[in-house]
1. Report, largest value first, the span of the C-alpha coordinates of the stretch 136-248 along each principal axis, in whole Å.
2. Order Glu254, Glu212, most accessible first, counting only protein heavy atoms with a 1.4 angstrom probe.
3. Distance between Cα centroids, the stretch 37-115 to the stretch 153-207: provide it in whole Å.
4. Regarding the stretch 32-124, what are the three Cα extents along the principal axes, ordered largest first, in Å?
5. Go through Ile216, Ile194, Ile286 and list them by solvent-accessible area, largest first, probe radius 1.4 Å.
6. Would you calculate a helix-derived [θ] at 222 nm for the chain, using -39,500 (n - 2.57) for each DSSP H run of n ≥ 4 and dividing by the full residue count, to the nearest 500?
7. With no solvent and one equal point scatterer placed on each C-alpha of the chain, evaluate the Debye formula and give log10 I(q)/I(0) for q = 0.08, 0.10, 0.11, 0.13 Å⁻¹, two decimals.
8. Please compute the length gained on full extension between Leu298 and Leu241, using 0.36 nm multiplied by the number of residues separating them and subtracting their Cα-Cα distance.
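The values are calculated or read from the model by the stated rules, or taken from the named source; none is laboratory data. Worth saying up front: this structure is predicted, and the values here are computed from it rather than measured. For neighbour counting, all protein chains shown are included, and Cβ atoms are generated from backbone atoms with ideal geometry for every residue, glycine included. Remember, those area values only see protein heavy atoms, side chains included, never the ligands or the DNA or RNA. Shrake-Rupley method; radii C 1.70, N 1.55, O 1.52, S 1.80 Å.
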Amino acid sequence: MANVTVAEERPSGTVGVSHRLSLWQRMRRHWWGYAFVSPWILLYIVFGLYPLVLSFYLTFFNYSFVAPESRAFVGVGNWLQGMADPLFWKSLFNIVYNQAIFITLKNGFGLLTAVLVFRARWGGRFFRTVYFLPVLTSTMVLMIVGGYLASPTGPIQSLLVNAGILDAPVFWTFSRWLPMPMIALINTWKWFGISFVILLAGLYSISPDMYEAASIDGASEWDQFRYITLPQLRPQLFFLLVVDIINGLQMFTEVFALFDLYGGADNQALTPVLYLYAQAFDRSNIGYASTLGLLLALIIGVLTVIQFRFNPADD
C-alpha cells in the first residue's frame with residue numbers, strides 16, 4: 001500500500017521523463033528495424049514529401065523553367081484560374097465519359113471470363129495465362145497496335161466495310177465522340193485480365209455449400225449467380241471500382257500514344273494529366289501545372305472518401 005502511495009505522489013514531470021526514457025530505450029533496442037526502414041523513409045522524403053511541398057509552394061507563383069528569374073507571386077490566382085479553366089473541366093468530362101465505358105466493359109468482361117474459367121473442367125491454367133498476358137504488355141505498344149487495328153486502313157474496319165456493316169472507313173481520331181470509347185475498348189483489352197484474376201480468386205473463396213444448398217432449394221443458375229455470386233464478390237468489385245477510378249483520372253500514356261499534347265484538334269481526347277503535362281513542358285507554366293496536379297489529387301481524394309463512405313461491401 002505504501003508503494004502505491006509513493007507512486008501517486010510522484011511529480012507528473014517525473015512520469016513523463018520516465019515514459020520518454022522507456023520509449024528511447026525501446027528505439028535503441030530495435031535500432032536495426034529503424035535502420036532497415038530508413039532507406040524507404042529517406043526516399044519518401046526526397047521523392048514524395050519534398051515534391052509535394054514544393055508543388056504546393058509553386059502554386060502561388062508564375063514560374064517557368066525557361067526563365068526562373070522572372071518568378072512572380074500571384075497568390076491564389078492559379079487556383080482560381082484552375083477552377084474556372086474550361087479545358088481542365090473538359091478533360092475531366094472526357095475521363096468520366098471514358099471510364100463509364102471502360103469500367104463497365106473491363107469488369108463485366110472480367111466477371112464473365114472468371115465465371116467461365118471457374119466452371120471449366122480443363123484448360124484453366126492455359127486461359128488464366130492467356131487472359132493475363134495483355135496486362136504484361138507495354139501500354140504504349142498496345143495502344144499503338146490497337147490504334148492501327150482500328151484505323152481506317154486497319155484490318156478491323158476493312159473487314160466491317162467488306163461485310164457491309166460500314167459504308168466507309170471511320171476516321172475516329174478526328175471525331176468528337178469516338179476517341180474516348182475507342183481508347184476504352186483498347187484499354188479493356190489490356191486491363192480486363194486484372195479484373196479476371198481478382199474476381200476468379202473471389203469465386204474460389206465462395207463456399208460450395210452455398211451453391212449446393214441453393215440447388216437443393218430449386219434455385220436456377222441465374223438465381224445462384226444473382227443472389228450468391230454477386231453479393232459474395234462485392235468486396236472485389238468495390239476494390240476494382242476504386243482502383244479503376246483513381247487510375248482513370250491519372251490517364252496519360254494511352255492518349256499520348258495516339259494524340260498530341262492537347263488530345264486532338266478539338267481536345268476530344270484531352271485528360272487532366274495530359275493537360276497539366278502540356279502546361280508544364282509545352283507552355284513552361286510550372287506554377288499553374290502544379291495547381292492542376294493538386295486540384296486533381298484533391299478530386300481523387302474526395303471521390304475515394306465518398307466511395308468508402310458508401311461502400312456497398314459493408315452492407
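1. 55, 34, 25
2. Glu212, Glu254
3. 27
4. 69, 52, 22
5. In descending accessible area the options line up as Ile216, Ile194, Ile286.
6. Per the formula, -21500 deg cm²/dmol.
7. Treating every Cα as an identical point scatterer, log10 I(q)/I(0) equals -0.59, -0.82, -0.93, -1.10.
8. Stretched out fully, the Leu298 to Leu241 stretch lengthens by 18.7 nm.
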